[in-house]
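Visitor: Handing you a structure now.
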Amino acid sequence: MITLELPYPVSVNAYWLTSGKRRYISKRGVEFKRFVAEVWQQSGHEGFGEKPVELNVYLYPRDSRL
């Protein structure tokens with residue numbers, strides 16, 4: 001079993017930006033992708049190959065309450 005703890009992802013509206021007809025990933029989106037890639041590399045796993053994968057996701061949204 002592989003367990004990765006990642007920060008809550010940026011919203012879709014914050015992830016994608018547009019300039020005219022061009023769509024691209026925002027700076028925050030690139031930083032999030034880079035962070036996830038680093039966490040994956042540090043976990044020491046290379047990939048899943050052709051093995052079946054089960055994914056459990058537990059989300060804890062940010063909250064402005066203290």
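Visitor: How much mean residue ellipticity at 222 nm does the chain get from its helices, if each DSSP H run of length 4 or more adds -39500 (n - 2.57) and you divide by all residues, to the nearest 500 deg cm²/dmol? Before the final figure, lay out the partial values.
Guide: On the way: 2 runs with 20 residues, N = 66.
The helix contribution divided over the chain gives -9000 deg cm²/dmol.
Visitor: Which one of Gly29, Gly47, Gly20 has the biggest mean-square fluctuation once the chain is modelled by GNM with Cα springs under 10 Å?
Guide: Gly20
Visitor: By how many nm would the segment from Leu55 to Tyr15 lengthen if fully extended, with 0.36 nm per residue of separation less the alpha-carbon distance?
Guide: Full extension from Leu55 to Tyr15 adds 12.1 nm.
Visitor: Under 5 Å between amide hydrogens, which residues at least 5 positions from Ser26 or on another chain qualify, with H placed 1.01 Å from N in the peptide plane?
Guide: Trp16, Leu17
Visitor: What is the Cα centroid distance between the range 3-17 and the range 28-66, reported in whole angstrom?
Guide: 9 Å
Visitor: Grab the Cα-Cα distance for Gln42 and Ser26, subtract it from 0.36 nm times how many residues apart they are, and report the gain in nm with one decimal. If you can, show how the numbers build up before the last one.
Guide: Values: separation 16, 0.36 × 16 = 5.76 nm, distance 2.44 nm.
Difference between extended and current length: 3.3 nm.
Visitor: With angles folded into 0 to 90 degrees, how steeply does helix 27-42 sit against the dominant principal axis of the chain? Use alpha carbons for both and round to 10.
Guide: Result, in degrees: 10.
Visitor: Can you work out the FRET efficiency for the pair Ser64 and Thr3, with r the C-beta to C-beta distance and R0 = 35 Å, to the nearest 0.05?
Guide: Calculated value: 0.80.
Visitor: Still on this structure, please answer the following. Using Stokes-Einstein with the Kirkwood hydrodynamic radius over Cα pairs, what translational diffusion coefficient do you get for the range 25-66 at 4 °C and a viscosity of 1.567 mPa s, in µm²/s rounded to a whole number?
Guide: 97 µm²/s
Visitor: Excluding residues on the same chain fewer than 8 positions from Lys51, give the lysines whose Cα lies under 28 Å from its Cα.
Guide: Lys33
A short reminder: the numbers here are calculations on the coordinates, not readings from a lab. A quick note: this is a predicted structure, and the numbers were derived from the prediction, not measured. In this analysis, Cβ positions are derived from the backbone assuming ideal geometry, glycine residues included, and neighbour counts consider all displayed protein chains.
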